[in-house]
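Enquirer: Please see the structure below; I have some questions.
Just so it is clear, none of the values below were taken in a lab; they were calculated from the coordinates. Not measured: the values here are computed from a predicted model. Positions of Cβ are generated from backbone atoms using ideal geometry, with glycine treated the same way; all protein chains shown enter the neighbour counts.
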Amino acid sequence: MRQQVPNQRRQPPSAPQRGRRSSASRQRDRVEQRRRRRRRRNIVFYTALFLLVIGVAILLCFTVLFKLETVSVSGSSRYSAEEIVKASGLVKGENLFRQDLDKASSRVEEALPYIGEAQVSRKLPAEIVITVSEAQIAGVVEFEGQKILLDAKGKVLEATGEAPENCPVFKGLKIKDAVPGKPLQYADEEQKKTVDSLMQAIEESGLSNITEYDVTDIYNLSLVYNNRIRLELGVSTDLVYKLRFFNEGLLQAGKLTDKDMGTLDLSQASDTNKAYFQEEDIASSAASSSAASSSGPESSASAVSSEAQSSQGDSEPVSSASSIASGVDSGDETG
């Protein structure tokens, strides 16, 4: 008779076996946690060490290394190298990187007015170089009984009793104060902006030989070119176009010669591509304008108005060269 063998089922692991497996897993977790903590400590340690090294290097640079030994001057000016170095305020023996170069530049330009620009730069390991350029006289204006000489940026170069020969003249400036080495202080801020735009436009147009700037009325600006041609510019828009129209389109194109003398109305040049020229003696015209202004502001205004009307009525149009008409976008010009 066959005996029946009972099925032997696989028994689950005993409690001690489960305990041993759980303990091994926890051991692995603890080892991994220690490894992570050690890695983090290493990162913190090496980062701190790196920052310490950098800090020590910076400290050495600002205390022991790169001490200023030489201050040299390049460029041309009327001042001696010793005067320029002294004005800069740079101190030998102090750290090269602790010297304020911008302040040094400003001190030179203010203390020595005829220096137009002073560029100050470091030259490792222990030198600073001051590169200077001479300021050019752009014009003279009367203020409190003195002749105030200005450069093209409006800096006061000098207050003197007599202006240099053939120095351009500024007319109509409303001045609050004039201190050599500092920008001219205007009583009228709007006039200052207009004058700045005018001087910038003259530079951009390449026009030279200006002998008079008249900004008495900022809506009727005028210049005198070479003591013989008065340029009526009108308002301070499209100034670069108007001046290039005259310089390139008329002078360089030969439409106005060295013998021409008179008034050129450029006020509408950017709109019509035309200017109106009237022959007249600029010197006598200036004298009559001066006499009219002495009688009061109302008579001066009417004189200017009547002169402008006769100029428009009696003069002939002069067109600029086509390259100027097509090469200048009046919308992008300095206003």
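Enquirer: As an exercise, identify the chymotrypsin sites (Phe, Trp or Tyr not before Pro) in the range 185-237 lying in DSSP coil whose Cβ has no more than 14 other Cβ atoms within 10 Å.
Expert: Answer by residue number: 219.
Enquirer: When the Cα centres of the range 75-144 and the range 202-256 are compared, how far apart do they sit, in Å?
Expert: 34 Å
Enquirer: How would 229, 218 line up from fewest to most surrounding beta-carbon atoms within 10 angstrom?
Expert: The fewest-first ordering by Cβ neighbours comes to 218, 229.
Enquirer: Could you sort out which of 193/255; 153/259; 103/123; 103/242 sit more than 28 Å apart by Cα distance in this structure?
Expert: Distance filter (> 28 Å) returns 193/255; 153/259; 103/242.
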